[in-house]
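J.: First the structure, which I've put down as C-alpha cells, then a few questions once you've had a look.
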Amino acid sequence: MLEPLRRIVQEVNAAPDFSAVLEIIVERVKHAMHTGMCSVYLLDRATNRYVLSATRGLLPESVGKVAMTPDEGLVGLVASRAEPVNLEHAETHPRFAYFPETGEEKFSSFLGAPIIHQRDVLGVLVVQQQERRRFDESEEAFLVTISAQLAGVIAHAQATGELARTTSPEADAGPANIYAGIASAPGVGIGRAVVVSSPADLYAVPKRRSEDTEGELELFRHALERTQADVHSTKNDLKGILSTEELEMFDVYLRMLEDNSLGGEVIALIRDGFTAQSAWSQIIIEHIRTFTRMESEYLRERASDVRDLGRRVLEHLQQTARPVQVYPQDTILIGEDLAAPHLAAVPFDNIRAMVSVRGSHNSHMAIIGRSMGIPTVMGAVDLPWAELEGHLVIVDGHMGHILIDPSPEVERAYQEVFRKEQDLAADLLGTRDEPSVTASGDAISLWVNTGLRVDTKLSLEMGAAGVGLYRTEIPFFLQERFPSEEEQRVIYRDQLTMYAPRPVTMRTLDIGGDKALPYFPIKEENPFLGWRGIRVTLDHPEIFLAQVRAMMRASEGIDNLRILLPMISSVQEVDSALALINRVYTELTVEEGYRIRMPKVGVMIEVPAAVYQARELARRVDFLSVGTNDLTQYLLAVDRNNPRVAALYHAYHPALLKALRDVVRDAAAMNREVSVCGEMAGDPMGAVLLVGLGYRTLSMSASNLLRVKAVLRQLKTAEMTVIAARVCELPDASDVKAELQRTLDRPGIARLIRSDRPVQQANRH
Ligand code: PEP
Ligand code: MG
C-alpha cells in the first residue's frame, strides 16, 4: 500500500486547486483499495452538516445535495466519535440512514475515517463495497493515513475560503481576504505589499508585472543562453563518465529550452505583461504539475528534471535582474521566511508592517519587529503570499490578522484604530520624563533590548535607563562573512557611545537554534537542543576571543560595557568563558597597554538547568539575566518558532512563574543583580507579574517601554506582590491570564493592556 500512498500524496501536492484534490482522492483511493465507492464528506460550518463533496461510485448528481449532521447516519457517527467505523453490513446498523438519491443501495460493507485537523473533525472519508466483508487492518490504516494527509489540505482550503465555496457554492462565502497568523509585534500597518523571495525558489517568485516587455524578453534570452552554455559544459565534463544514454538527458534539457518548447510558452507570458522571473516560474510549475500526474513512472521522474532546469534558469534570471526593488513609502514587507537580511535593503521609514509565513511570536524577526515598533505577524501559514505583490494590505499585529484588499469601510475602520494608537503613543510620550517608579515609590529600572542601529534612536527617546540585551548576532546577520575584530569594535563602540554613560549589556554571539548566519549554516535535526549560543563560541574560541576583544577595546574610555553569556547550561561553560574573558583582559591591559575597566560579566538564565543552579552560577559572575523566551520554550518543551504549537507557548504558565520566583530569590541570596530580558518584561501584564515576583530591572523592546512604565506607575509594589503570589498558585496559564485581566481591568490601565478591533475573527480553525 506504500506506493499508492506515496503517489496519492504526490498528486495531491501537485493539484492545481482544492476540487482537483478531492477528485484525485476519491478516484485514487477507490482504485487502490479496489472498492465499489469512495466519497468525501466535508463539514459546512454554517449548517453543521457533513456534505457529500466528491464521489466515485455514488450518483454524481447527489454531490452537494446529500448532507448529515453529526447525529445522522453512519457518516455522522464517524464524525461524532472522531474515529473510524468499520462495518460488514452497514444496513443493519442502527445509525444507518438511507439516501435514495445516491444510489447507494447496492453497497453492503462500510469503512469511514474522520478527517481531523487540530482536534477538529473537518470531514469524513468513506469507502464501501458491494459484497459483505469487514475491511482488514491494513485497509483501515491506509484510509486513516490518507485522511490525515487530507486534513492539512482541507484546513488550508478552509482558511482561504475554498472549503466554504465547495460545501455551499450558492451561498456567498465572501472573499477570502482575512488570514490569521501569530500576533508578534503590536500595532496596525496599512500599505502595499512588497513580496521578498528566497533565491532560486520557483514557488517563491511573486506574480509581478512589468511595463518593459522588451527588457524582460532580453533578460530571459540572456538567462537561457547562459543556462544553455552551462548545460553544454556540464555535458562535456561528464563525457566518458556517463553513458551515451545518460548524456542524452542533457540534450532533452536543451530541447526544452528551445523557442517551440518551454521557451516559447514563457515568451508568450512575458508578452502578456509578466516579468521574466514570474513567467518562467508559472510555466515551470505548470509543467512540474503535469509530469507529476503522469501514469508512467519514467515520465513522473521527469518532473524533477523540469524542476532542476527551472531552478538553473531562475538563478540566472535573479543574478541578472536589475536589483532596483522599489519600496513604496507604505511598504508591507511579506515573505515566506522573512529574515534580518531582507530588512537591510529597505529604508526603515518605509516599512509599515511585516508578515512572514514561517516563524512564530519569538522568532528573531518578531523580536526585531517589536524592537523597531513595526507591526508584525508571523506564522501566517495559509497566506497566498506569492500572489500579493502590490495589493493593499492591512496588518493587525495585535490580533495577528492580515487583511487583503479590504473594503473601503474596513480600511476606514482600521485607519481609525491606527489613529487611536498614534494618540495613545503620543499620550504615553508624556510619561517619558516621569520617574520610573511604582505607585508606592519603588524604583524600577527599565532597560531596552537592541541589536540594530536604528532602534537606538527610539530607545533613547523612550528614556531607557540602559541596554539590558544587545543581541550581537544581529550585526553579524547583516554581513556576508564574520566581521573582523576591528569591524566589530567600530559597531560596538557606536552602541556604547550612543548610550553612555548608561550601561550596555552585550551578549556574546548567540547563533544556532533559529538564528543561522548565512555564511555559517548549522544544519541539525534538533537545532534548539543542539549547537547554540555559548556551545558554538566555546568550540570556536577564535570567534569568542575576537568578539570579546572587540567589545573591550570598544569600551575604552567609556567603561559602560557589561558582557552576557547566552545558553549557559553548566558551570563549566561559565568557567571556560570566564577564563577566555580574563585572558583577553590581561592581554589588552597588560600586554597591549589599553586602559579599560574590567566589565561586569553575567549569565543568561534560559535553560531549566540554569534555574536549578542559579546560586552556583551567580557565585561565579556579577549578574544574572533571565531570558524568558528560551526559558519558556525549554521549560514547557514548546518550540518557540512552531506555529502549530504556538497556543501552548505561554509566558504566564505557573511553572515558569515559579522558576522566575526561584531565580530572583537565589540571586538575592547570593547578593547578585538580576534582571529579565525576555519578551515577558515588555508585556505590561508580564511586567506587573515580574515586579510582583521581586524583579527591579526589566529589559524590553523600546516600543513597549512607556506602556510598561505607565502601568507600573499606577500600581503599588505590595499590590503587585499580592497579585503575583496569588497567580503563582493557579493551575493553568489561562487562569493566570484571566485573573490578571480581571484584576487590571481598571480605568487608566485597561486601555494600556487591551485593544479593540474592527475584525475579531479570521479564517482560522
Ligand atoms: C530569551 O531567550 O529570552 C532572550 C532574551 O534571548 P533571545 O530571544 O535572543 O533568544
Ligand atoms: Mg535566548
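J.: Within segment 257-295, count every residue that is outside any helix (DSSP H, G or I) and open to solvent by 50 Å² or more (accessible area, probe 1.4 Å). If you could, list the steps in order and put the result at the bottom.
T.: Within segment 257-295, the first condition is being outside any helix (DSSP H, G or I), and the residues that meet it are 257-261, 272-275, 293-295.
Restricting the remaining residues to those that are open to solvent by 50 Å² or more (accessible area, probe 1.4 Å) gives 258-260, 272, 293-295.
Residues flagged as outside any helix (DSSP H, G or I) and open to solvent by 50 Å² or more (accessible area, probe 1.4 Å) within segment 257-295 amount to 7.
J.: Moving on to the next point. Could you tell me whether segment 231-250 includes any residue that is within 16 Å of Val313 (Cβ to Cβ) and hydroxyl-bearing (Ser, Thr, Tyr)?
T.: Here is the first cut: in segment 231-250, the residues within 16 Å of Val313 (Cβ to Cβ) are 231-234, 250.
Pick out the ones that are also hydroxyl-bearing (Ser, Thr, Tyr) and you get 233-234.
Yes, segment 231-250 contains at least one residue that is within 16 Å of Val313 (Cβ to Cβ) and hydroxyl-bearing (Ser, Thr, Tyr).
J.: Taking the condition crowded, with 16+ Cβ neighbours inside 10 Å, more than 24 Å from Glu487 (Cα to Cα) and away from ligand 1 (no atom under 16 Å from the Cβ), does Val607 pass? Explain how you work it out, then say what you get.
T.: Values: crowded, with 16+ Cβ neighbours inside 10 Å: yes; more than 24 Å from Glu487 (Cα to Cα): yes; away from ligand 1 (no atom under 16 Å from the Cβ): no.
So Val607 does not fit the description; no.
J.: Hey, another quick one. Just need a number here: residues in segment 445-460 that are in a loop (DSSP other than H, G, I, E, B) and either at pLDDT 80 or above or within 16 Å of ligand 2 (Cβ to nearest atom) (or both).
T.: Keep residues of segment 445-460 that are in a loop (DSSP other than H, G, I, E, B), which gives 451-453.
Subset that is either at pLDDT 80 or above or within 16 Å of ligand 2 (Cβ to nearest atom) (or both): 451.
Adding up the residues that qualify gives 1.
J.: Restricting segment 501-510 to residues that are surrounded by fewer than 23 Cβ atoms within 10 Å (Cβ to Cβ) and more than 20 Å from Tyr585 (Cβ to Cβ), which is farthest from ligand 2 (Cβ to nearest atom)?
T.: Pro501
Let's see how each residue does on (1) open to solvent by less than 30 Å² (accessible area, probe 1.4 Å); (2) touching a residue at least 24 places away in the same chain (Cβ under 8 Å); (3) in contact with a Gly (Cβ under 7 Å, 6 or more places away or on another chain); (4) away from ligand 1 (no atom under 16 Å from the Cβ):
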residue	(1), (2), (3), (4)
Ala550	yes, yes, no, yes
Gly557	no, yes, no, yes
Glu592	no, no, no, yes
Arg595	no, yes, no, yes
Glu616	no, yes, no, yes
Leu624	yes, yes, yes, no
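J.: In segment 1-119, which strands (runs of 3 or more DSSP E) lie fully inside it and hold 1 or more residues that are of a type in the set (Ser, Thr, Tyr) and either open to solvent by 10 Å² or more (accessible area, probe 1.4 Å) or modelled with pLDDT of 90 or more (or both)?
T.: Details: elements: 37-44, 49-56, 85-87, 109-117.
Those strands (runs of 3 or more DSSP E) span 37-44, 49-56, 109-117.
J.: Just checking, which of Ala724, Ala733, Ala718 is at pLDDT 90 or above, surrounded by fewer than 14 Cβ atoms within 10 Å (Cβ to Cβ) and assigned by TED's automatic domain parsing to the domain that holds Ala646? Outline the logic, then answer.
T.: Values: Ala724 fails: surrounded by fewer than 14 Cβ atoms within 10 Å (Cβ to Cβ); Ala733 fails: surrounded by fewer than 14 Cβ atoms within 10 Å (Cβ to Cβ).
On inspection, the qualifying residue turns out to be Ala718.
J.: Which one is nearest to Thr472 (Cα to Cα) among residues in segment 512-562 that are within 16 Å of ligand 2 (Cβ to nearest atom) and of a type in the set (Gly, Ala, Ser)?
T.: Here the residue is Gly533.
J.: Residue check: is Val393 in contact (Cβ under 8 Å) with a residue 24 or more places away in the chain, out of contact with any His (no Cβ under 8 Å at 6 or more places or on another chain) and surrounded by fewer than 22 Cβ atoms within 10 Å (Cβ to Cβ)?
T.: On the way: in contact (Cβ under 8 Å) with a residue 24 or more places away in the chain: yes; out of contact with any His (no Cβ under 8 Å at 6 or more places or on another chain): yes; surrounded by fewer than 22 Cβ atoms within 10 Å (Cβ to Cβ): no.
Taking the combined requirement at face value, the residue does not satisfy it.
J.: Same structure, new question: Taking only pairs six or more apart or across chains, which ones have beta-carbon atoms under 6 Å, a first residue in segment 119-137 that is touching a residue at least 40 places away in the same chain (Cβ under 8 Å), and a second residue that is charged (D, E, K, R) and in a loop (DSSP other than H, G, I, E, B)?
T.: Going by the 6 Å Cβ cut-off, the qualifying pairs are Arg132/Glu88; Arg134/Glu88.
J.: Please specify each residue of segment 522-546 satisfying the condition of being within 16 Å of ligand 1 (Cβ to nearest atom) and crowded, with 19+ Cβ neighbours inside 10 Å. Lay out the reasoning, then the answer.
T.: At the first step, the residues of segment 522-546 found to be within 16 Å of ligand 1 (Cβ to nearest atom) are 522, 527-537.
Of everything in segment 522-546, those that are within 16 Å of ligand 1 (Cβ to nearest atom) and crowded, with 19+ Cβ neighbours inside 10 Å turn out to be Arg532, Gly533, Ile534, Val536, Thr537.
Results for (1) touching a strand residue (DSSP E or B) at 6+ places or on another chain (Cβ under 6 Å); (2) modelled with pLDDT of 85 or more, shown as yes or no for each residue.
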{"position": "Ile146", "(1), (2)": "no, yes"}
{"position": "Arg165", "(1), (2)": "no, no"}
{"position": "Ala171", "(1), (2)": "no, no"}
{"position": "Tyr179", "(1), (2)": "yes, yes"}
{"position": "Ala183", "(1), (2)": "no, yes"}
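J.: Which residue is modelled with the lowest pLDDT, if the candidates are limited to segment 204-234 and must be open to solvent by less than 60 Å² (accessible area, probe 1.4 Å) and touching an Asp or Glu at 6+ places or on another chain (Cβ under 8 Å)?
T.: Ala204
The values are calculated or read from the model by the stated rules, or taken from the named source; none is laboratory data. All values derive from a computational prediction rather than experimental measurement. All Cβ positions, glycine included, derive from the backbone under ideal geometry; neighbour counts span all protein chains shown. Areas reflect the complete protein model, heavy atoms only, side chains present, ligands, DNA and RNA absent. Shrake-Rupley method; radii C 1.70, N 1.55, O 1.52, S 1.80 Å.
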